[in-house]
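Working notes, beginning with the structure itself.
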There are 4 protein chains.
Amino acid sequence: MTAGESGIVESDWADSTDITVNWGDMDSLGHVNHSVFARWMETSRMKFFSDIGIMNLYESSNIGPILAKIEVDYKAPVIFPDVVNCKTSVSRIGRSSFDMAYVIRSSNQENKIVAVGKVVCVLIDYTSGKPVEIPDTLRKSILGIKE
Amino acid sequence: MTAGESGIVESDWADSTDITVNWGDMDSLGHVNHSVFARWMETSRMKFFSDIGIMNLYESSNIGPILAKIEVDYKAPVIFPDVVNCKTSVSRIGRSSFDMAYVIRSSNQENKIVAVGKVVCVLIDYTSGKPVEIPDTLRKSILGIKE
Amino acid sequence: MTAGESGIVESDWADSTDITVNWGDMDSLGHVNHSVFARWMETSRMKFFSDIGIMNLYESSNIGPILAKIEVDYKAPVIFPDVVNCKTSVSRIGRSSFDMAYVIRSSNQENKIVAVGKVVCVLIDYTSGKPVEIPDTLRKSILGIKE
Amino acid sequence: MTAGESGIVESDWADSTDITVNWGDMDSLGHVNHSVFARWMETSRMKFFSDIGIMNLYESSNIGPILAKIEVDYKAPVIFPDVVNCKTSVSRIGRSSFDMAYVIRSSNQENKIVAVGKVVCVLIDYTSGKPVEIPDTLRKSILGIKE
C-alpha cells in the first residue's frame, strides 16, 4: 500500500491530529522507534471513534471495536524535535468490520510523508466475544452521513 | 535515599519480580530510558497490590491507592539484553498513606544495584476524591500480618 | 497471514525469547496495548540480529537493516501478569531485503498464540541511504549455514 | 516540593513546551500513566539542553550530563485528549552538578498544575565515567548569561 493507493483525497480525511514528538520516542538508532508510529495512528483513530460516538456505544451496550490487524509502511525516519500530523479515514466498511487508512507527515521535513498505515477493526460484543453487525446509526456516522 | 537507607533487609522484601529488558526500552543515548525504571517499579508494586488484595478493595468499594510521589536514584545504566530484578516493600504506613521502597538489580551486571526508588501512595475514595483511612484488614495485609 | 501460513515448523524458529509483561503495558481498555506487540517482535529481532552479526556489520561498515514494513495480526488479548514468548525467523531472503515471521504466545493462556506478525527489512548503506546487496557472509548467517 | 517552592517566577522558566497526549499514554486505570510525566519532563529538558549547547559539548568532547535523580509530585490526573505544557529551569548549579525544576499544566483543565518535578543532573566524562567541573562557557549558558 502507498499513500496514493489509499484512494483518499486530502479533503476527505475524517481526522487530522498534530502530535508532539517526545525525545524519549527515539530509540538507540537515533530516530523515533517504529512502534511509536502505531501509537500515533491510535491517537488519531481514538479521536475519530470519539467523534462518531463509537465509545458511547461501547459504554451503553458493551459493543465495541477491536483491532484485528495493523500494517505500517515506513517511508522516512522521524527525529526529535518534530511535530507529526496523522490523518485517518475509513477506507472500507463491511458487515461487522471496517478498514482505516493512515498517513503520517513530518512538519520538520516540509510535511513529507514518513509513513502510511492501515488497520482492520472488527465490531464485537464484549460479552460473547463474537463479531456483531455494525448498527445502522454507527454505519451512517462512519460514512459521515448527516441526517 | 540510598539502598542502605531503605532499611529493608534482603529477606524482608514483599515482592521480587524478574523483568525482561526490551530492546526498545533503550533511548538514543544507548541505554534504558530513565522512565522505564518507573514502569519496572510499578510492575512490582502492582504484583504486591494484587497479593494483598488492594485491587479487590478497589473493585468492591471504589477505594484505591493513588501515586502521590515518586523518587528514583539512578546508580548505573542498563543495556539490552538484560533481565532486571525489582524488589519492593512498604517502608512506612500512616493513617491514609504509605511509602514503598524499591531496589532494582541487573542480572547482566552480577546483580549490581542499578537504581533505588521510593513512592508515596495515598488511599482515596474515588467517588469523593478524598483520602480515606486505611481499613484494618488492608493494614494487616500490608504489614504481612496473617490471621 | 496466519501462524500456519508462516510455513515455519516449531524447531526452525531462529530465536525464541521470553518477555515479562509490565503492568504499564496495558492501556485503558485493560489489556496490553497493540503497539507493545511490535516492541516484543523487535526484542526478538534484535537478539537474532546480534546472533548473526548484523550489528557488527553496522558498526564496521555503516551498512545495516532498516524496517520497511510491519504487519501484526492480533489473535487474543494479553493481560498482566503474564510472560509472553516471541519467536522469529527469516521467511524470505532477496537481493537487498528479507522478510521475518513472528509468533507470540501467552504462557498464562497455555501458550496460546496471541499474535502473528511479519516485517520486511532492507539492508541499506547509511551513508548513501541506498539499498545494498546482502553480503555473502551475512546471507549465510541469515540462512543459518555454518562453514 | 510544591510548585511554589520551586521559587521560579513564570517569566523565568527557561523552556516551555506544549506536548500532545497520546491515547496510549493512558493505562488501565483510565488516566495517563505516571511514567509518561517523566518523559514529558525529559522532552522539555532536552530542548533546553539543545538550546544551551550541552549536546554539542557531548559530541565534541565526550562530556555530557547524566540523570542522577528524579522526583515527581502528582497533583491531578491527565486524561486523553489533552495537550500538556511542561516548563523547566535550572534551580541550582554546583561544581559538577545542577538541579532542574519542572511544572506541568493541563490545557484541558484550565492550565491547572497536574505535576511538579525535579531532577539532579551530573556532568560526567563519558570516557572515564567521572564527574567533571562544569566548564565556564556552559555555566554561563545554563545561567542565561549572554556575552
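All of the numbers you see were taken from the coordinates with simple rules; none came from a lab. Only a predicted model underlies this, so the values are computations on that prediction, with no experimental measurement involved. A quick note on method: Cβ atoms are made from the backbone with ideal geometry, for glycine too, and the neighbour counts reach across all protein chains shown.
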* Structure fact -> homo-copy label distances at C:Ser61 (7 angstrom along Cα-Cβ), nm, one dp, ascending, are 3.8, 5.9, 6.6
* Asked: Relative to the other copies, what are the label-point distances for B:Ser50, with labels 7 Å from Cα along the C-beta vector, expressed in nm at one decimal and sorted shortest first?
  -> 2.7, 3.0, 3.9
* Structure fact -> Within 10 Å of the Cβ of an average residue in D:45-58, the count of other chain Cβ atoms is 1
* Structure fact -> Links exceeding 27 Å between C-alpha atoms in this model, out of C:Lys69/D:Lys47; B:Lys112/C:Lys112; D:Lys47/D:Lys75; B:Lys47/C:Lys112; B:Lys130/D:Lys112; A:Lys69/A:Lys112, come to C:Lys69/D:Lys47; B:Lys112/C:Lys112
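Under a Cβ-only charge scheme (Lys and Arg +1, Asp and Glu -1), can you give me the dipole magnitude of the stretch B:7-142 about the Cα centre, in debye to the nearest 20? Walk me through the intermediate numbers first.
Working: 14 positive and 17 negative charges, 61 e Å.
Taking the Cα centre of the stretch B:7-142 as origin, the dipole is about 300 debye.
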* Per residue of D:11-24, how many C-beta atoms from partner chains lie within 10 Å of its own C-beta, taken as a mean? -> 5
* Residue range of chain C that is longest and free of trypsin sites (Lys or Arg not before Pro) which are both DSSP loop and sparsely packed (at most 15 other C-beta within 10 Å) -> C:1-94
* **Choice from B:Phe37, B:Phe98, B:Phe80 showing the highest fluctuation, given a GNM over chain B with Cα pairs closer than 10 Å** => B:Phe80
* Is the protein assembly as shown rounded, prolate or oblate when judged by the Cα gyration tensor, a ≥ b ≥ c being the square roots of its eigenvalues, rounded requiring a/c under 1.5 and prolate requiring a/b larger than b/c? -> rounded
* Asked: Could you give me the ³J(HN,Hα) list for the stretch C:19-25, computed from phi with Karplus coefficients 6.51, -1.76, 1.60 and θ = phi - 60°, whole Hz, x at Gly and Pro?
  -> 10, 6, 7, 8, 4, x, 6
* Asked: Distances from D:Asn111 to the same residue in each other copy, label points 7 Å out along Cα→Cβ, in nm, shortest first?
  -> 3.0, 5.3, 5.9
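Quick one: B:Trp23, C:Trp40, fewest Cβ neighbours within 10 Å first, how do they rank?
B:Trp23, C:Trp40
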* To do: Compute the relative contact order of chain C as a whole-number percentage, counting only Cα pairs closer than 8 Å that sit 6 or more residues apart in sequence.
  => 27
* Asked: Just D:Asp15, D:Asp125, D:Asp27 to compare: in a GNM of chain D, with alpha carbon springs under 10 Å, which one fluctuates most?
  -> D:Asp27
* Mind telling me which of D:Thr137, D:Thr88, D:Thr127 comes out most flexible in a GNM of chain D, alpha-carbon contacts under 10 Å? => D:Thr127
* Structure fact -> Counting Lys and Arg as +1 and Asp and Glu as -1 over every other residue whose Cβ sits under 13 Å from the Cβ of B:Asp25, the net charge comes to -3
* To do: Would you mind checking which residues have amide H under 5 Å from C:Lys112's amide H? H placed 1.01 Å from N; only 5 or more apart, or other chain.
  => C:Ser106
* If you draw the axis that swings chain C onto chain B, which residue of C has its Cβ closest to it, and how far is that in whole Å? -> C:Thr20, 2
* Cα gyration tensor, chain B - rounded (a/c under 1.5), prolate or oblate -> prolate
* To do: Quick one: check the C-alpha center-to-center distance for the stretch A:42-60 versus the stretch B:7-74, whole angstrom.
  => 30
* For A:Lys112, what is the net charge nearby, where nearby means another residue's Cβ is under 13 Å from its Cβ and Lys, Arg count +1, Asp, Glu -1? -> 0
* Cut-off 20 Å (backbone N to label point 7 Å along Cα→Cβ of A:Glu59), residues of the stretch A:119-147 -> A:124-127, A:135, A:137-139, A:141-142
* Asked: Relative to the longest principal axis of chain B, what angle (0 to 90°, nearest 10) does the C-alpha long axis of helix B:34-51 take?
  -> 40
* To do: Please give the net charge around B:Ala14, taking every other residue with its beta carbon less than 11 angstrom from that of B:Ala14, where Lys and Arg add +1 and Asp and Glu add -1.
  => 0
